[in-house]
Amino acid sequence: FTYKRDINSLKRSINNLESIVTIPTLNKNDDGIDIINKTLGKIKNDFKHKINELEYQKSQNSLILDSIEEGFIVIDETKKIDVINKFAIEVLDLHKDQILKKDFVYLALGNEVNEKINHVELNKPINFDFKLDGKIYLFIVSKVSISDNENQKVSTVITFFDITGTRINDQIKKEFFQNASHELKTPLTTIIGYQGMINSRLLDSEKELDEANEITLKEAKRMKNVIDDMLALSQLESEEFNESIDVIDASNVLNDVIDSLNFLSKEKNIEITTKLDDVKLLITPKDFDRLTRNLISNAIKYNKDNGKIKIILNNKRLIVEDTGIGIPPDDIGRIFERFYRVDKGRSRDLGGTGLGLAIVKHICIKYNFKFNIKSKVGIGTKFSISFK
């Protein structure tokens, strides 16, 4: 009787495991050893299967986390690093095996980030920009509550991603509007000033009136040139800009540009020599005109009196080389920026808008042309545009 009672008790105990494992089928004649052997064997197989499932799930989760292009870190309640993905490891220059289960200070993010991790509140994430190795990352630190069966755990989650390009574009836009406002304000102030003196009859001689009209007309043209170049640059940057592209006779367009700029070259007695092949190019005439006009007009404006310009065109490239004042090495990397001038005063006196080379750069980007520049101060500058 006692033996049967123990068997029945064992069966009841085993039935309580049903919430964890699948209980094997038991025969009524099974004794205690049989029941234990069958049950332990089944438990072993079930646990092995569940462990394999968990390992697979963990592996899948790791693959997903490692595939995303942003940092992901989980810090548990004890301030230990519980999860970290590949992106975070590479950006922070860490080793996963050495960092997991260590205190979060081993992330070596510095006091600013550590303070935010320590003081972030539940459901009140903290966003901030953070610089690492010359790049800017947007960090989001949040505290979340995670349910684990009947337990409630609070973890700190850190996500971050590279926003360097976005921040640089924001700065470029800011500088663009500041510079554009300045470029337009200066000639407008001059025009308003001279027109005010004319209206107030402060200028009464014919010579003074002629000078005032000449200056205001010059400044008005300067404003128009700035606005025209701004519109051209805006068109080139706009994704919606979709002008039909045809094969053009590049040498014909280039000759027309050179002819139209002859009056500028003659003022400084600059000799222009050309070697132009019969080149067919897939580009709009307007864009090729803008490209070549800006390069050649710069070669004239920033050349010396009695200087020389050599223009070469073939199926591979366009070269515009001058004997001008040259560009300092520190400025070469910035000359394609909007409104950037090496010599601001001289550029304005020559009628430059500061947008010409920015337009050249964007035309090259639009047509996948490659551009190269070589320059020596006092010797000259060579621009080379490769078509292929």
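The values are calculated or read from the model by the stated rules, or taken from the named source; none is laboratory data. Not measured: the values here are computed from a predicted model. Methodologically, a virtual Cβ is constructed for each residue, glycine included, from the backbone with ideal geometry; neighbour enumeration extends over all protein chains shown. Accessible surface areas use protein heavy atoms only, side chains included; no ligands, DNA or RNA. Shrake-Rupley method; radii C 1.70, N 1.55, O 1.52, S 1.80 Å.
Here are some notes:
- Taken over region 357-379, the criterion of being assigned to a loop (DSSP other than H, G, I, E, B) and under 13 Å from Leu291 (Cα atoms) is satisfied by Tyr367, Phe369.
- Output for region 354-369, where each listed residue is open to solvent by 10 Å² or more (accessible area, probe 1.4 Å) and not polar (S, T, N, Q): Gly354, Gly356, Leu357, Lys361, His362, Ile365, Lys366, Tyr367, Phe369
- Condition check for Val226: closer than 30 Å to Phe387 by Cβ, assigned to a helix (DSSP H, G or I) and at pLDDT 85 or above: no
- Filter result (in a loop (DSSP other than H, G, I, E, B), hydroxyl-bearing (Ser, Thr, Tyr) and crowded, with 16+ Cβ neighbours inside 10 Å) within region 243-296: Thr284
- Residue in region 280-302 that is without any contact (Cβ under 8 Å) to a residue 24 or more places away in the chain and hydrophobic (A, V, I, L, M, F, W, C) present: no
- Top-ranked residue in region 106-134 [being touching a residue at least 24 places away in the same chain (Cβ under 8 Å) and more than 27 Å from Gly165 (Cα to Cα); ranked as surrounded by the most Cβ atoms within 10 Å (Cβ to Cβ)]: Val120
- Filtered by the rule that a residue be in a loop (DSSP other than H, G, I, E, B) and at pLDDT 80 or above, region 324-347 gives Gly324, Ile325, Gly326, Ile327, Pro328.
- Within region 76-83, the presence of a residue that is of a type in the set (Val, Ile, Thr), open to solvent by 30 Å² or more (accessible area, probe 1.4 Å) and farther than 23 Å from Gln152 by Cβ is excluded.
- Here Leu350 fulfils each of the conditions (1) at pLDDT below 80; (2) within 32 Å of the chain's Cα centre (by Cα); (3) open to solvent by 20 Å² or more (accessible area, probe 1.4 Å) apart from (2).
- Test: residue in region 46-62 that is under 20 Å from Val144 (Cα atoms), open to solvent by 60 Å² or more (accessible area, probe 1.4 Å) and either in a loop (DSSP other than H, G, I, E, B) or modelled with pLDDT under 85 (or both): yes
- From Leu92, Leu100, residue being out of contact with any helix residue (DSSP H, G or I) (no Cβ under 9 Å at 6 or more places or on another chain) and within 20 Å of Ile68 (Cα to Cα): Leu100
- In region 362-380, the residues that are among the hydroxyl-bearing types (Ser, Thr, Tyr) form Cβ pairs under 8 Å with partners that are exposed (fewer than 14 other Cβ atoms within 10 Å of the Cβ), at six or more places apart or across chains, as follows: Tyr367/Leu282.
- Of all the numbered requirements in (1) at pLDDT below 90; (2) open to solvent by 40 Å² or more (accessible area, probe 1.4 Å), Glu321 misses one, and that requirement is (1).
- Residue among Ile158, Ile168 that alone is modelled with pLDDT of 85 or more, out of contact with any Lys or Arg (no Cβ under 8 Å at 6 or more places or on another chain) and surrounded by 11 or more Cβ atoms within 10 Å (Cβ to Cβ): Ile158
- Test result for Lys102, surrounded by fewer than 17 Cβ atoms within 10 Å (Cβ to Cβ) and either touching a residue at least 24 places away in the same chain (Cβ under 8 Å) or among the acidic types (Asp, Glu) (or both): no
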